[in-house]
């Protein structure tokens, strides 16, 4: 059974640009959640999608958005990039929602903003 | 004060030692996760708990809901257990909040 796949694994952008990250969950999993990890703030919850609907959102500005498609694949978008957006972005999938099922994490997308 | 506090922040142990990592939280929760992160970033879910105790191989996790406290124990530690261990709580309202992590190094 294939694991959670995140693309791209590494990317470099400049301030003001936008970026789209992709997450393909484990087959059959309907929940995809996104997290940001930085050395200063640690891991922080961004948002969760379940059956194409955003269930929850963390405390991030509106520049951070996401969506989920009918095949459960999810994308997150960050617009008008700032230096502080440099981070490892992780997604996780689960059969149920975040609070009912075990989380399976992808390897992450490491974003550097110059 | 952080909602999720882990202790210790850093831990060095000799191979074979019994290890305990603690997690305390200040809010009502519906579940608690213990996660393991190796260098390079990959995260593995070790346990999801809402009450009592779970065991998987050499790993044991316990939670006391009344005291808002959970512990992760590693028996017969091995160098391959070296990693960052992260406690995360699911608050009511379905927001996952993470501890800062415990960096574990097991020496042979």
Completion exercise
Share (percent) of C-alpha pair distances in chain B greater than 19 Å works out to 39 percent
Fill in the blank from the handout: Residue separation between residue B:27 and residue B:2 times 0.36 nm, minus their alpha-carbon distance, gives in nm 8.0 nm
Problem - Rg followed by Dmax, in Å, when chain A is reduced to its Cα trace - result: 13.2, 39
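State the extension gain, in nm to one decimal, for the chain segment bounded by residue A:63 and residue A:82, taking 0.36 nm per residue of separation less the distance between their alpha-carbons. Walk me through the numbers on the way to the answer.
Numbers: separation 19, 0.36 × 19 = 6.84 nm, distance 1.01 nm.
Additional length available on full extension: 5.8 nm.
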Problem - Centre separation in Å (Cα based) which lies between the stretch A:14-48 and the stretch B:39-99 - result: 21 Å
Practice task
Rank by packing, highest mean first: peptides B:53-65, A:29-41, with packing defined as the count of other Cβ atoms within 10 Å averaged across residues.
Solution key: A:29-41, B:53-65
Fill in the blank from the handout: Binned at 10 Å starting from 0, the alpha-carbon pair-distance distribution of the protein assembly as shown in whole percents comes out as 8, 33, 35, 19, 4, 0
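Roughly speaking, what % of Cα-Cα pairs in the stretch B:1-58 are separated by over 19 Å, rounded to a whole number?
Details: 728 of 1653 pairs.
For the stretch B:1-58, the fraction of Cα-Cα distances above 19 Å is 44 percent.
As an exercise, use a Förster radius of 35 Å and the Cβ-Cβ distance of residue B:73 and residue A:73 to find the FRET efficiency, rounded to the nearest 0.05.
On the way: r = 38 Å, r/R0 = 1.07.
Once rounded, the FRET efficiency stands at 0.40.
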Problem - Separation in nanometres of the label points that stand 7 Å from Cα toward Cβ, at residue A:27 and residue B:17 - result: 4.5 nm
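Here, each number is a calculation from the coordinates, and none is a lab measurement. Only a predicted model underlies this, so the values are computations on that prediction, with no experimental measurement involved. Note that each Cβ is placed from the backbone with ideal geometry, even for glycine, and that neighbours are counted across all protein chains shown.
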